[in-house]
1. Applying the selection to the range 190-199, what residues are surrounded by 20 or more Cβ atoms within 10 Å (Cβ to Cβ) and of a type outside the set (Lys, Arg)?
2. Within the range 441-458, can you find the residues that are touching a helix residue (DSSP H, G or I) at 6+ places or on another chain (Cβ under 7 Å) and either under 14 Å from residue 43 (Cα atoms) or of a type in the set (Lys, Arg) (or both)?
3. Filter the range 259-282 down to the residues that are within 19 Å of residue 227 (Cβ to Cβ) and β-branched (Val, Ile, Thr) and list them by number.
4. Taking the range 202-217, which residues are touching a residue at least 60 places away in the same chain (Cβ under 8 Å) and away from the ligand (no atom under 14 Å from the Cβ)?
5. Scan 65, 60 and give me the residue that is buried (at least 22 other Cβ atoms within 10 Å of the Cβ) and assigned to a loop (DSSP other than H, G, I, E, B).
6. Out of the residues in the range 327-344 that are away from the ligand (no atom under 15 Å from the Cβ) and in a helix (DSSP H, G or I), which is surrounded by the fewest Cβ atoms within 10 Å (Cβ to Cβ)?
7. Does any residue of the range 78-88 turn out to be of a type in the set (Val, Ile, Thr), at pLDDT 95 or above and farther than 22 Å from residue 184 by Cβ?
8. Which one of 347, 322 is of a type in the set (Ser, Thr, Tyr) and within 15 Å of the ligand (Cβ to nearest atom)?
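The values are calculated or read from the model by the stated rules, or taken from the named source; none is laboratory data. Since we're looking at a predicted model, the values are computed, not measured. All Cβ positions, even for glycine, are placed from backbone atoms using ideal geometry, and neighbour counts span all protein chains on display.
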Amino acid sequence: MTTNTWWKEAIIYQIYPRSFKDSTGNGIGDLKGILEKADYLADLGVDIIWLCPVYDSPNDDNGYDIRDYYKIHPEFGTMEDLDRLLEALHKQGMRLIMDLVVNHTSDEHVWFQESRKSEDNPYRDFYFWKKGKEDGPPNNWRSFFSESAWEYDAPTDSYYLHLFTKKQPDLNWENPRVREEVCKIMKFWLDKGVDGFRLDVIPLISKQLDFADTDLSSFTEIVEQVYSNGPKVHEYIAETVEKVISNYDVMTVGEGPGITSEVGLKYVGHDRGELSMIFHLDHMFLGFGPNGKYDPVPYDLQDVVRIFNIWDKAMGESGWISIFLDNHDFIRMVSRFGNDKEYRVESAKLLINLILTLRGTPSIYQGSEIGMTNVWYEDLEDFDDVEVRNFIKEALAAGKNKDEILDIANRLGRDNARTPMQWDDSPGAGFTTATPWLKINPNHRSIHVASDQNTPESILNYYKQLIAFRKQHSVFVYGKYEPIEVDNPNIFAYKRVDETQTFLIIHNFSDDLQTVPVGLDDYELVMNNYIERNESLQLRPWESSIFVQTPTSSI
Ligand code: ISL
């Protein structure tokens with residue numbers, strides 16, 4: 001039975017605070033900057049703000065390395081600023097979820113500082129320590145960010161585990177004191193009134209304790225079979241729910257690298273009471289080759305379609321996912337799945353049409369609403385993100401050609417998603433009056449919020465219109481999803497159906513006119529991403545149409 005809840009009906013908007021709005025003139029976005037834009041968010045029609053980490057951190061991985069879970073990083077403001085933002089969002093009928101990173105901490109967290117001191121330190125077992133093997137690390141695991149997952153630490157002549165950078169040691173959830181601390185952190189934030197958490201890499205918290213070498217050759221398989229879905233992951237999640245989460249009316253969304261559709265329901269099955277929903281990453285990991293993201297392989301639209309279909313079937317009436325096409329870890333959706341040149345506007349509109357009409361809670365990443373695109377840096381020094389910098393380091397060391405490295409870094413790097421928000425065409429893009437922490441995309445001179453606000457047929461206005469439309473029709477939340485098989489590799493088509501309404505949605509993911517061979521007898525066009533209506537099934541480039549079945553239509 002599908003249960004109705006606010007978090008299924010809501011639309012999530014993800015804010016990467018460093019890049020959203022700088023209110024202090026230091027080139028870094030901050031909490032007051034977000035507060036200044038609360039009206040903008042309300043006007044857009046989004047319901048839940050997912051705030052990427054704003055805790056105290058040395059920023060090795062831009063806040064995903066937390067030094068103090070109870071403190072706001074001064075560059076983002078103060079706890080008072082956070083309280084004020086929360087209050088303002090609540091006043092406007094929006095909610096706020098915090099990004100909680102508890103698979104690992106910063107190496108500058110006091111627990112790790114203690115842990116590394118000696119083998120009998122009371123915090124030793126907060127992390128995973130192992131002796132090396134023949135002058136090398138304890139096993140052959142590689143981190144998500146290129147290097148070995150083990151770092152040697154001289155004071156105790158041992159290695160510690162870090163599935164991300166060496167400044168992000170993994171917490172040992174086997175230790176009940178670690179779990180107690182996590183519960184304490186959750187309780188602190190929920191008592192403050194936040195409306196839930198996005199739980200970073202949550203399937204990674206339980207490790208395969210034999211720490212055996214892996215002989216799997218594909219990084220995606222290693223994540224699915226070795227790093228994620230460990231033996232006690234559900235026990236641990238359930239413990240936090242039972243002790244803390246279940247005492248509040250909040251939502252949780254687990255970020256799920258390695259959560260496959262076969263095991264998805266174990267995390268989000270309504271009968272299990274673990275997480276409200278997950279961000280599965282199957283479509284995001286498309287294109288990862290044997291050595292991961294920077295070893296790209298080709299894929300096409302039908303791979304994406306297949307993944308959405310499989311996941312919808314796997315969830316059925318028993319579980320729930322979020323629908324998204326990009327975030328701060330991946331390239332801009334219009335550059336990845338659309339055409340960010342000739343058909344930028346059309347394809348950006350098509351993609352939001354897709355996100356808002358598939359089954360699951362839509363999640364929109366900042367800047368998508370104006371069709372922000374990837375950036376192109378000319379110099380390897382321009383890249384900021386630790387993931388891409390590690391790739392560059394390894395590729396240079398392996399003697400790869402500089403132009404080739406620059407090309408891959410530009411095409412796949414996470415900085416693409418992290419360039420500052422483009423509010424206007426001023427030199428700082430209305431984001432800052434100072435030098436921004438990361439170079440602004442030069443296309444901000446033409447692509448920016450101010451211009452979209454003044455153009456009736458802009459991407460931004462289409463977002464607002466479509467969000468409002470979705471909210472009028474609960475079939476997009478609770479209705480069934482029925483894929484339609486079309487013998488055309490450029491088309492993604494499906495229906496959303498409930499007792500009162502049937503919508504037919506068709507997207508043309510190509511630069512060419514496509515004829516879609518489906519029956520349209522008793523359907524009528526209700527939404528379309530072109531200015532001139534098109535009632536036919538001859539879809540123009542990147543055209544996206546929503547039809548409603550007329551006999552039962554209530555429009
Ligand atoms: O970023 C990725 C691909 O470029 C992913 O593989 C990512 O590392 C993975 O999804 C986990 O991401 C999360 O945890 C990381 C952090 O760097 C990411 O920003 C965060 O979303 C470590 O905390």
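1. Step one: filter the range 190-199 for residues surrounded by 20 or more Cβ atoms within 10 Å (Cβ to Cβ), giving 194-199.
Across the range 190-199, the qualifying residues are 194, 195, 196, 197, 199.
2. The answer is 449, 452, 453.
3. Hits for the range 259-282 are 259, 260, 263, 278.
4. Once the filter is applied, which keeps residues that are touching a residue at least 60 places away in the same chain (Cβ under 8 Å) and away from the ligand (no atom under 14 Å from the Cβ), the range 202-217 yields 207, 211, 212, 213, 214, 217.
5. On the way: 60 fails: buried (at least 22 other Cβ atoms within 10 Å of the Cβ).
65 is the lone residue from the list that is buried (at least 22 other Cβ atoms within 10 Å of the Cβ) and assigned to a loop (DSSP other than H, G, I, E, B).
6. So in the range 327-344, the residues away from the ligand (no atom under 15 Å from the Cβ) come out as 334, 337-344.
Right, trim to in a helix (DSSP H, G or I) and you get 334, 344.
Details: 334: 29, 344: 20.
Only one residue tops the list, namely 344.
7. Scanning the range 78-88, I find no residue that is of a type in the set (Val, Ile, Thr), at pLDDT 95 or above and farther than 22 Å from residue 184 by Cβ, so the answer is no.
8. Result of the check over 347, 322: 322.
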